[in-house]
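Everything on this sheet refers to the single structure shown next.
The values are calculated or read from the model by the stated rules, or taken from the named source; none is laboratory data. Because the structure is predicted, anything quoted here is derived from the model rather than measured. Because the Cβ atoms are built from the backbone with ideal geometry, glycine has one as well, and the counts that use them run over all protein chains shown.
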Amino acid sequence: MTVSSAAEVLRLVAAGDRRAAADRAAGSPGALCAALAAYLAEGTDVGQVYDEAAAFQAFISNGTNPALYERTSAALRAVHDGVLPRSVLDIGCGDGRVVAASLAPSIARVDLVEPAAVLLDEAVALVGEYAEVGRHCSTVEAFLAADDRRWDFVQSTFAMHNLAPDDRRSVWAELSNRTATVAIAEFDVPAFADRSAAHCSYLAERYAVGVTEYVDHPEVVNGFLMPVLVGQVAPDAAPRYTYEQPIEQWAQELAAAGFTVAKEPILPYWWADAWLLVGRMPVST
Ligand SMILES: C[S@@+](CC[C@H](N)C(=O)[O-])C[C@H]1O[C@@H](n2cnc3c(N)ncnc32)[C@H](O)[C@@H]1O
């Protein structure tokens, strides 16, 4: 029962007993427990996973991610083709591969907001082949507070779950005054009480699948998957990377800010199903 062993390891992490978690992982079978044992034995969490871009980029370049990114880019591109935006803001653009693949020929300027400088520089170079680019090495919260620009279209793929719920609600409210259309790609993760037994079981079950996709990429397992996994349950999680929720809740957040929301499935993914949400502000007469 490798998944239940991994769930028990995560419950020990959640209880703050990292040493017991490391011991339990080391004595348990399965690739996920082996990965947890190696990561927890190091004793400290790695720094910001997006600042050291290599592990994240190996993550998105392998496993099911190329298929996920291809579908996400195509779904976004279809929305661009309907809106034909001249100006776009992309929040948490990473290395820009989705942004570059989603742009319609109408595009003139793209503002890229990304706190990880190495990823942002790659995105600026890539997207710069298609449009004038604004480079903003910042969180979206700080960027919006310092800039009063408007955009035809605002998008974000798998980045808004990095923000704590109160912060992202403020972002939606601000964007409702700055654009007519938002599109976000996010995961449909069931609602759990943080660090509950059900939460740990879900994480163990899904990450057991995730690690099998990266047997040939140990740098992804130790440098990206494990910090993101442990960061979701460690009580002193610093840093924590993800605040997930059901897709209906994502839609409700956008609706609460005034957007009319449509949603479409992108791909069943090992972590959770991926969806595209498109929010439109009512046209004022
Ligand atoms: C899972 S990656 C997705 C990157 C890219 N959008 C893609 O689809 O490949 C999440 C990204 O969000 C960025 N991020 C984290 N916190 C952020 C914040 N507060 N504001 C803007 N971006 C943020 C990270 O640095 C990272 O590049």
* Pairs, please: C-beta under 8 Å, at least 6 apart or cross-chain, first residue closer than 22 Å to Val99 by Cβ and in contact (Cβ under 8 Å) with a residue 24 or more places away in the chain and in the stretch 147-175, second of a type in the set (Asp, Glu) and away from the ligand (no atom under 13 Å from the Cβ)? -> Arg168/Glu253; Trp172/Glu253
* Asked: Any residue in the stretch 156-165 that is more than 12 Å from the ligand (Cβ to nearest atom) and within 25 Å of Lys263 (Cβ to Cβ)?
  -> yes
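Regarding Val118, is this residue over 23 Å from the mean Cα position of the chain (by Cα), surrounded by fewer than 19 Cβ atoms within 10 Å (Cβ to Cβ) and within 23 Å of Val140 (Cβ to Cβ)?
Numbers: over 23 Å from the mean Cα position of the chain (by Cα): no; surrounded by fewer than 19 Cβ atoms within 10 Å (Cβ to Cβ): yes; within 23 Å of Val140 (Cβ to Cβ): yes.
Taking the combined requirement at face value, the residue does not satisfy it.
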* **First in the stretch 41-62 and among the hydrophobic types (A, V, I, L, M, F, W, C) and more than 11 Å from the ligand (Cβ to nearest atom), second anywhere and in a loop (DSSP other than H, G, I, E, B) and modelled with pLDDT of 80 or more, Cβ under 6 Å, 6 or more apart** => Ala58/His217
* Determine the pairs where a residue that is modelled with pLDDT of 95 or more, located within the stretch 77-93, has a partner that is of a type in the set (Ser, Thr, Tyr) and within 16 Å of the ligand (Cβ to nearest atom) with Cβ atoms under 7 Å apart, the partner being 6 or more residues away or on another chain. => Arg77/Ser102; His80/Ser102; Asp90/Ser156; Ile91/Ser156; Gly92/Ser156
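Does Ala38 satisfy being within 16 Å of the ligand (Cβ to nearest atom) and more than 30 Å from Pro105 (Cα to Cα)? Spell out the reasoning first.
Details: within 16 Å of the ligand (Cβ to nearest atom): no; more than 30 Å from Pro105 (Cα to Cα): yes.
Judged against the criteria, Ala38 is not a match.
For Ser201, are the conditions met, namely being closer than 30 Å to Gly82 by Cα, buried (at least 17 other Cβ atoms within 10 Å of the Cβ) and among the polar types (S, T, N, Q)?
Working: closer than 30 Å to Gly82 by Cα: no; buried (at least 17 other Cβ atoms within 10 Å of the Cβ): yes; among the polar types (S, T, N, Q): yes.
It is false that Ser201 is closer than 30 Å to Gly82 by Cα, buried (at least 17 other Cβ atoms within 10 Å of the Cβ) and among the polar types (S, T, N, Q).
So which of Gly258, Gly231 is at positive phi and surrounded by 15 or more Cβ atoms within 10 Å (Cβ to Cβ)?
Numbers: Gly231 fails: at positive phi.
On inspection, the qualifying residue turns out to be Gly258.
Please pick out the residue among Ala125, Ala117 that is closer than 22 Å to Ala54 by Cβ, more than 13 Å from the ligand (Cβ to nearest atom) and at pLDDT 95 or above. Steps first, please.
Working: Ala117 fails: more than 13 Å from the ligand (Cβ to nearest atom).
That would be Ala125, the only listed residue that is closer than 22 Å to Ala54 by Cβ, more than 13 Å from the ligand (Cβ to nearest atom) and at pLDDT 95 or above.
In the stretch 139-152, what count of residues is obtained for those that are touching an Asp or Glu at 6+ places or on another chain (Cβ under 8 Å) and within 10 Å of the ligand (Cβ to nearest atom)?
Step one: list which residues in the stretch 139-152 are touching an Asp or Glu at 6+ places or on another chain (Cβ under 8 Å), which gives 141, 144, 149, 151.
Adding the requirement that they be within 10 Å of the ligand (Cβ to nearest atom) leaves 141, 144.
Residues meeting the conditions: 2.
Quick grid of which residues meet (1) touching a Ser or Thr at 6+ places or on another chain (Cβ under 7 Å); (2) of a type in the set (D, E, K, R):
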| residue | (1), (2) |
| --- | --- |
| Arg77 | yes, yes |
| Gly96 | no, no |
| Val99 | no, no |
| Pro105 | no, no |
| Glu114 | no, yes |
| Tyr130 | no, no |
| Val140 | no, no |
| Phe143 | no, no |
| Met160 | no, no |
* **Of the criteria (1) more than 12 Å from the ligand (Cβ to nearest atom); (2) touching an Asp or Glu at 6+ places or on another chain (Cβ under 6 Å); (3) not aromatic (Phe, Trp, Tyr), which one Ala173 fails** => (2)
* Quick check: is even one residue across the stretch 178-190 more than 16 Å from the ligand (Cβ to nearest atom) and under 18 Å from the mean Cα position of the chain (by Cα)? -> yes
